[in-house]
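Okay, so here's the structure we're looking at.
The values are calculated or read from the model by the stated rules, or taken from the named source; none is laboratory data. Quick caveat: nothing in here was measured; it's all calculated off a predicted structure. Glycine also receives a Cβ, built like all others from the backbone with ideal geometry; neighbour counts cover every protein chain displayed.
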Amino acid sequence: MTAIAIRDELARWPASLKIGATFFLLIVVTGLFAPWLTPYDPYTQDLAGFLQPPSWRHPFGTDHVGRDVLTRVLHGIRIDLQIGFITTYVPMTYGLLLGALSGYLGGWFDTLMMRLLDVAVAFPFLVLIIVIIAILGPGVHTIYIAVFLLAWTMYARLARAEMLVERGKDYVLAARTLGYPTSRVVFRHAMPNVINSSIVFSMADFVLNILLVSSLSFLGLGVPPPLPEWGAMVAEGRDFIFDAWWISTLPGLAIVVTGASLSLIGDGLAHRLGQRQRSFL
Amino acid sequence: MTQPLDGDAALVIDDLVVEYGAPRGLVDLALGRTRRRVRAVDGVSLVVRRNETVGLVGESGCGKTTLGRAIVRIVEPTSGAISLDGENLLTLGSDELRAMRRRVQMVFQDPYSSLNPRMSVERTLAEVLRFHRIRPAAGVGDRVAELLSLVGLAPELAGRRPRALSGGQRQRVGLARALALEPTFLVLDEPVAALDVSIQAQILNLLRDLRDRLGLTMLFIAHELSVIRHMSHRVAVMYLGRVVEVGTAAEVFDHPAHPYTQGLVRAIPRLTPERRHRKPVIQGEVPSPLNIPPGCRFHTRCPKAQDICRRIAPPDVALSPSHRAECHFPGP
Amino acid sequence: MALLEVRGLCTEFRTPDAVIPANAGVSFNLDAGRTLGIVGESGSGKSVLCRALLGLIQSPPGFVTAGEIVFDGRDLRHLDETTLRRVRGTAIAMIFQNPMSGLNPVWPVGDQISEGLRVHRGLSPSAARARGIAMMRQVGIPSPEVRYDEYPHQWSGGMLQRAMIAMAMACEPKLLLADEPTTALDVTIQDQILALLVELQERTGMAMILVSHDMAVIAETSDHVAVMYAGRMVEVAPTAAAFRTPRHPYTLGLLQSIPRAAGDGRLTPIPGQPPNLARLGDGCPFADRCAVASPECRTRPVALREIDPGHWTACHFPERLAGLQA
Amino acid sequence: MAIIEYILGRILQMVPVLIGVSLVAFLSIHLVPGDPVQIMMHGRATEEVLATVRGELGLDRPLPIQYLRFVGGAMVGDLGKSIIQKAPVDEIIGERLGPSLFLLVYSAVLAVVIALPLAVVAALKAEGPIDHGIRIVGIIGFAMPPFWVGLLLMVLFGLVLRWFPISGYGRTFIEHLWHLFLPSLTIAAFLAPILVQSLRSAMLDVMTADYIEVARAKGLSRRRIVLKHVLRNAAIPVITVLAVNIGWLLGGAVVVEYVFAFPGLGSLLVRAVGHRDYPVIQGLSLVFAVIVMVINLLADLSYMAIDRRVLRR
């Protein structure tokens, strides 16, 4: 891509996409440089300086065992974004593939997929994940396994619906009459026109997955302490909320800011990719 | 028009049936119902001779598009046979099928959806050439340029995506893509229906030029009778899945024998500037293909219908060596 | 006095990148009880014109920027919204190209036919129903008592267009705008709908503007023809004159592009593409595609002028066409 | 007739899903690595006790028999017995089902009350400053974790202002409404942005439909067009969005119930997972799935009531 092409592309970005992308980039960079941004360690307890309100030395205050909340929030970026990213985009890849194939091929494969999807959506997502955690025990790996087992279904559903439309269009029929094999018709021709809705949805899904991980950690079923996961930090501050509001409030705010910037990106992408609906969800 | 009426048969369609079945739902299963089937094409036989253009005309839902799609095998026929140059297209293995694709190509109706929106004109054409190894890799670029000039497109359009092309230009790209494989037989499914008259005339001229230059045999599908007449040596008229009349263009349009064809020809608005004072010729609407009338399928709308028409399917009557109609009472 | 007088109507659509003048100074008259056929290719501004007449242009992005629409002595552009709405429902009605999507899928067809009667005439539900059923019978919908309560998806395209016509005729309009009323229909159904429109017009004496891309449809139904190109009327004439002796090269080009029943050999298409409306110069918009254009056609503005009684053309050199006509 | 057939078909469709759902619920115990009974007893029971419990749970029989017994029991409302709470699972779940459903309906009503006017205003003033404002609020609302919102609402309205109770369920209907206001508001804060967004875009879609132009050409007033022609059609995709997201809504409810120590199914689930009370987990997952399926059925039926096109086959 030349500089001009990049400039043209940026000119077509709606404001929400620019703002969201800028915020998100800032958050990512902050997460990358977290160890160097504050003089504190996220794990070292300072029992002499516990429950200190926000001040110049501790802009976000300290928690019940004297750890600097800002430091922990910044380190939390790494954990939450990493888990959010993996739980979104790994299932997206195979969800898209399976959904697109199911929509294109039809027949018994499609029937089987549909039944699987029906069963998967019959359970509340969080409930099923909690059940899997009950089976395998809490922890990040369990979250990955549980999400990988379930989260692809949304993408499969989306891709299947789009493919059913795309499959009847003349350019796909043309590709078939040109003698291209099914794999080429599906992946080279139809697929690029199927993925837009999933890309837009993935932004909302990213937000939901961050909410999911923090919720699980809040319930004590996700990322174990003392790791500075945002939801876990909210839970830790819960008992002190009346006297030390900052411990729970500020990590939660970090989730909101991250989620909102992702939603803004999704909203802008929906515009940019010409998807009128589902700007988020 | 010079009419290759007695050349050897290129394409032979024999008693072709194409059915679409709505899948049986659980309720149907529970109530023991059989599958409801739509016969889109219901026993069609048709011959297209070498270098000939046969026009296939009919109203929406008559099965003409399905028939065209069955020839290029993007719709699987239920029974019957289609053979090209004596080779049955319906029994081909996948390798032979790929070879067959080089001989039979299709041009689609909607220029807005028939091109992949994400591929430039050049990539669309080059992909065909590369995939089928029509030219050595080094010659692909030249051949793309040749194809563009063949369909009358300026070379500078090669880099454009379909969105940046007009309807007529897109239709030319669609034609170039089909011609890239150097087919001998072309199925054209409503190739000008989506275009404005002035652009339509450009494309029709191009099609006639190419037909003469490349010696193409064509099945030309359209709902517009004037277009069909302009393009075709012979014409087949379809109604509810069957060919009800077939003959030379002059026979079908000037001396239609089937009441449906007669009504169709008379229903076309004329260019003579005179306020119309005629009753509509054909009353009523096309019955649902789920519920095809017994006897002659046209009897519900036919001004000539008699008792026999409601009970017995009409015979295929020969009115001349080239002219046939499926009617109990053919003729004027 | 004319029922409808349109003077210098301009409509434009504003996008972030460009301003597209979809109607650039359209003028015409229509007498009561007569039919004006408007013909033109896609993008010529004929549908926009219909919507502009009724005040249906969605704004933004569309704006009617100039002109008068004098209907029955009142300029519709200066009516307040409520009065204009009453005019729309009662005095002027419109039918559209696609009957399949023109009816609301979640309400019974009959209710939609009689809705105008309830809103504008204040009819009770039962009176509106009775009148609606009568309307359905008039437009040839079989067993209207039963079909009144059916939903649009249960109907065919031809029947739906009849329903649209019944809906438009319910309040006995003086003017019916028909925007490509048969384009989405099959030939035999088109035949029926055109016959119905002509019959209704003769029975009620209403005026009609019939928009079509099909010259033959216009030839059979209209008293006058207006040919539109690039957002303006380039030729307005009595139907017979327009078809026998067209005085604009675009009209002639359209006629020659149509494959004739008797025709053999090549057609004579109009070369090139319609112009980009956002980038029109001062000259004649058709100059680039015109067989008889002179260099000055590209620069000198052109306006409709009357060259024979009742025959108007927007061409600098209509006399040059004489040699081209078959 | 077509309506009856549609409903019948829709209910028949649930059968294979129910089989799949019951299998998943059933297997939840059997997929536990190691001996679930031992884990349940937290390793403090003798071999003898373990064997008794296994017998009580029927875990000593072959798998297919166990599954059939599970399904057979579930059909008559018998979901087994909780070892830890020493009570039948159906009773434990039964007494918490009502409050949970109440919370769910209450949240949905609140969400609709909040979302409907906002969506209509946003759609009618699309791309204007009000629309953008509503969208920003929605984007922020959507990104707020329910447990955090619940916590903040609890502190603000429960502890500081003391307007609403921070826990409990109450005894009368009015008390329910009062006690459940904060948790319902928390869930609604999550649901409303989704509703606003989908209703807004559905309305915008409908407003470009041909039949709306026809309605305008008929001279109908803006008010009548929106109320009679736009909203009813726009409700159709919103129902679909709601039905698809009902699982998320229930998941959010689990967390909110836990935050407010609410005696519902969600807090029961969290506690059961904490105690490794497998029979309860098994029963709960089945009940949750049935709730989702019933809500989806209701959604489809109301869809059909609005739009008869689904009856066309």
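Would region A:208-230 turn up any residue that is more than 14 Å from the chain's Cα centre (by Cα), among the charged types (D, E, K, R) and within 11 Å of another protein chain (Cβ to nearest Cβ)? Write out each step before concluding.
Within region A:208-230, the first condition is being more than 14 Å from the chain's Cα centre (by Cα), and the residues that meet it are A:216-230.
Within this subset, residues satisfying the condition of being among the charged types (D, E, K, R) are A:229.
Filter once more, keeping what is within 11 Å of another protein chain (Cβ to nearest Cβ): none.
No, region A:208-230 contains no residue that is more than 14 Å from the chain's Cα centre (by Cα), among the charged types (D, E, K, R) and within 11 Å of another protein chain (Cβ to nearest Cβ).
Go through region D:157-196 residue by residue and tally those that are in a helix (DSSP H, G or I) and either within 14 Å of chain C (Cβ to nearest Cβ) or more than 19 Å from the chain's Cα centre (by Cα) (or both). Can you show your working first?
Here is the first cut: in region D:157-196, the residues in a helix (DSSP H, G or I) are D:157-160, D:173-179, D:181-196.
Those still in the list that are either within 14 Å of chain C (Cβ to nearest Cβ) or more than 19 Å from the chain's Cα centre (by Cα) (or both) too: D:157-160, D:173-175, D:178-179.
The qualifying residues number 9.
Among the helices (runs of 4 or more DSSP H) contained in region D:38-146, which hold 1 or more residues that are modelled with pLDDT of 90 or more? Write out each step before concluding.
On the way: elements: D:47-57, D:63-75, D:89-124, D:129-143.
Where helices (runs of 4 or more DSSP H) fall fully within region D:38-146 and carry at least 1 residues being modelled with pLDDT of 90 or more, they are D:89-124, D:129-143.
Does region A:180-197 hold any residues that are closer than 30 Å to B:GLU96 by Cβ and buried (at least 22 other Cβ atoms within 10 Å of the Cβ), and which are they?
Hits for region A:180-197 are A:VAL186, A:HIS189, A:ALA190.
Filter region D:245-284 for residues that are among the charged types (D, E, K, R) and either part of a helix (DSSP H, G or I) or within 14 Å of the chain's Cα centre (by Cα) (or both) and give the result. Step through it out loud before you land on a result.
Taking region D:245-284 as the starting set, the residues that turn out to be among the charged types (D, E, K, R) are D:257, D:271, D:276-277.
Residues satisfying the conditions are D:GLU257, D:ARG271.
From the list D:ILE246, D:ILE187, which residue is in contact (Cβ under 8 Å) with a residue 60 or more places away in the chain and farther than 30 Å from C:GLU81 by Cα? First the steps, then the outcome.
Working: D:ILE246 fails: in contact (Cβ under 8 Å) with a residue 60 or more places away in the chain.
Of D:ILE246, D:ILE187, the one residue that is in contact (Cβ under 8 Å) with a residue 60 or more places away in the chain and farther than 30 Å from C:GLU81 by Cα is D:ILE187.
Suppose we filter B:ALA145, B:ALA99, B:ALA81, B:ALA158 for residues that are more than 13 Å from chain A (Cβ to nearest Cβ), surrounded by fewer than 16 Cβ atoms within 10 Å (Cβ to Cβ), among the aliphatic types (A, V, I, L, M) and assigned to a helix (DSSP H, G or I); which single one remains? Spell out the reasoning first.
On the way: B:ALA99 fails: more than 13 Å from chain A (Cβ to nearest Cβ); B:ALA81 fails: assigned to a helix (DSSP H, G or I); B:ALA158 fails: surrounded by fewer than 16 Cβ atoms within 10 Å (Cβ to Cβ).
When all the criteria are applied, what remains is B:ALA145.
Is there a residue in region D:199-214 that is under 20 Å from A:LEU126 (Cα atoms) and at pLDDT 90 or above?
Step one: filter region D:199-214 for residues under 20 Å from A:LEU126 (Cα atoms), giving none.
For region D:199-214, residues under 20 Å from A:LEU126 (Cα atoms) and at pLDDT 90 or above: absent.
Does region B:276-296 contain at least one residue that is within 11 Å of another protein chain (Cβ to nearest Cβ), loosely packed, with under 14 Cβ neighbours inside 10 Å, hydroxyl-bearing (Ser, Thr, Tyr) and under 24 Å from C:VAL139 (Cα atoms)?
The first filter runs over region B:276-296 and keeps only residues within 11 Å of another protein chain (Cβ to nearest Cβ), leaving B:276-288, B:290.
Those left that are additionally loosely packed, with under 14 Cβ neighbours inside 10 Å: B:277-279, B:288, B:290.
Imposing the further condition that a residue be hydroxyl-bearing (Ser, Thr, Tyr) reduces the set to B:288.
From what is left, the residues that are under 24 Å from C:VAL139 (Cα atoms) are B:288.
Within region B:276-296, one or more residues are within 11 Å of another protein chain (Cβ to nearest Cβ), loosely packed, with under 14 Cβ neighbours inside 10 Å, hydroxyl-bearing (Ser, Thr, Tyr) and under 24 Å from C:VAL139 (Cα atoms).
Per-residue answers, yes or no, for (1) within 14 Å of chain D (Cβ to nearest Cβ); (2) assigned to a helix (DSSP H, G or I); (3) in contact (Cβ under 8 Å) with a residue 24 or more places away in the chain:
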position	(1), (2), (3)
A:ILE19	yes, yes, yes
A:ILE27	yes, yes, yes
A:PRO42	no, no, yes
A:PRO59	no, no, no
A:THR71	no, yes, yes
A:MET92	no, yes, yes
A:SER102	no, yes, yes
A:THR111	yes, yes, no
A:ARG115	yes, yes, no
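Does region B:245-273 hold any residues that are more than 7 Å from chain C (Cβ to nearest Cβ) and charged (D, E, K, R), and which are they?
Applying the first criterion (more than 7 Å from chain C (Cβ to nearest Cβ)) to region B:245-273 yields B:245-252, B:254-262, B:265-266.
Correct list: B:GLU245, B:GLU251, B:ASP254, B:ARG266.
Out of C:PHE71, C:PHE63, which single residue is more than 12 Å from chain D (Cβ to nearest Cβ) and closer than 26 Å to D:GLU127 by Cβ? Please lay out each step first, then the result.
Working: C:PHE71 fails: closer than 26 Å to D:GLU127 by Cβ.
Selected residue: C:PHE63, the only one of C:PHE71, C:PHE63 that is more than 12 Å from chain D (Cβ to nearest Cβ) and closer than 26 Å to D:GLU127 by Cβ.
List, please: which pairs have Cβ atoms under 7 Å, are six or more places apart or on different chains, and start with a residue in region B:194-217 that is within 7 Å of chain C (Cβ to nearest Cβ) and closer than 26 Å to C:TYR229 by Cβ and end with one that is surrounded by fewer than 24 Cβ atoms within 10 Å (Cβ to Cβ) and acidic (Asp, Glu)?
Qualifying pairs under 7 Å: B:ASP196/C:GLU41; B:VAL197/C:GLU41; B:SER198/C:GLU41.
Just one of the numbered conditions (1) facing chain D (nearest Cβ under 8 Å); (2) assigned to a helix (DSSP H, G or I); (3) surrounded by 24 or more Cβ atoms within 10 Å (Cβ to Cβ); (4) modelled with pLDDT under 90 is not true of A:ALA270; which one?
(1)
Going residue by residue through region B:187-201, is there one that turns out to be under 15 Å from the mean Cα position of the chain (by Cα) and over 27 Å from C:VAL217 (Cα atoms)?
yes
Would you check which residues across region C:135-175 are within 11 Å of chain D (Cβ to nearest Cβ), under 19 Å from the mean Cα position of the chain (by Cα) and either outside any helix (DSSP H, G or I) or of a type in the set (Asp, Glu) (or both) and list them?
Within region C:135-175, C:PRO173 is the sole residue that qualifies.
Of everything in region C:113-134 that's more than 8 Å from chain D (Cβ to nearest Cβ) and buried (at least 22 other Cβ atoms within 10 Å of the Cβ), which residue is farthest from C:THR83 (Cα to Cα)?
Step one: list which residues in region C:113-134 are more than 8 Å from chain D (Cβ to nearest Cβ), which gives C:113-114, C:117-118, C:121-134.
Next, from what is left, pick out any that are buried (at least 22 other Cβ atoms within 10 Å of the Cβ): C:113-114, C:117, C:128, C:132.
Working: C:ILE113: 21, C:SER114: 20, C:LEU117: 16, C:ALA128: 22, C:GLY132: 24 Å.
Out of the qualifying residues, it is C:GLY132.
In region C:270-298, how many are in a loop (DSSP other than H, G, I, E, B) and surrounded by 12 or more Cβ atoms within 10 Å (Cβ to Cβ)? Spell out the reasoning first.
At the first step, the residues of region C:270-298 found to be in a loop (DSSP other than H, G, I, E, B) are C:270-276, C:280-286, C:290-294.
Now restrict to residues that are surrounded by 12 or more Cβ atoms within 10 Å (Cβ to Cβ): C:270-275, C:280-281, C:283-286, C:290-294.
So the count comes out to 17.
Look through region B:275-332, keep the residues that are in contact with an Asp or Glu (Cβ under 6 Å, 6 or more places away or on another chain), part of a loop (DSSP other than H, G, I, E, B) and farther than 14 Å from B:TYR239 by Cβ, and return whichever of them is modelled with the lowest pLDDT.
Only one residue fits best here, namely B:ARG276.
What pairs come up if the first residue lies in region D:52-75 and is over 16 Å from D:MET41 (Cα atoms), the second is part of a helix (DSSP H, G or I) and of a type in the set (Ser, Thr, Tyr), and their beta carbons are under 9 Å apart, counting only those six or more places apart or on different chains?
Hits for this filter: D:TYR67/D:SER22; D:PHE70/D:SER22; D:VAL71/D:SER22; D:ALA74/D:SER22.
Which of the following residues is within 11 Å of chain D (Cβ to nearest Cβ) and of a type in the set (Lys, Arg): A:ARG184, A:ARG188, A:ARG157?
Working: A:ARG184 fails: within 11 Å of chain D (Cβ to nearest Cβ); A:ARG188 fails: within 11 Å of chain D (Cβ to nearest Cβ).
Criteria check complete, one pass: A:ARG157.
D:THR186: buried (at least 24 other Cβ atoms within 10 Å of the Cβ) and of a type in the set (Val, Ile, Thr), yes or no? Don't jump to the end; show me each part of the working.
Working: buried (at least 24 other Cβ atoms within 10 Å of the Cβ): yes; of a type in the set (Val, Ile, Thr): yes.
Yes; evaluated as a whole, the condition is true for this residue.
If you check B:VAL48, B:VAL72, B:VAL54, B:VAL41, which single one turns out to be within 14 Å of chain A (Cβ to nearest Cβ), of a type in the set (Val, Ile, Thr) and either in contact (Cβ under 8 Å) with a residue 40 or more places away in the chain or touching a Cys at 6+ places or on another chain (Cβ under 9 Å) (or both)?
Working: B:VAL48 fails: within 14 Å of chain A (Cβ to nearest Cβ); B:VAL54 fails: within 14 Å of chain A (Cβ to nearest Cβ); B:VAL41 fails: within 14 Å of chain A (Cβ to nearest Cβ).
That would be B:VAL72, the only listed residue that is within 14 Å of chain A (Cβ to nearest Cβ), of a type in the set (Val, Ile, Thr) and either in contact (Cβ under 8 Å) with a residue 40 or more places away in the chain or touching a Cys at 6+ places or on another chain (Cβ under 9 Å) (or both).
All but one of (1) crowded, with 21+ Cβ neighbours inside 10 Å; (2) at pLDDT 90 or above; (3) assigned to a loop (DSSP other than H, G, I, E, B) hold for B:GLY55, so report the exception by its number.
(3)
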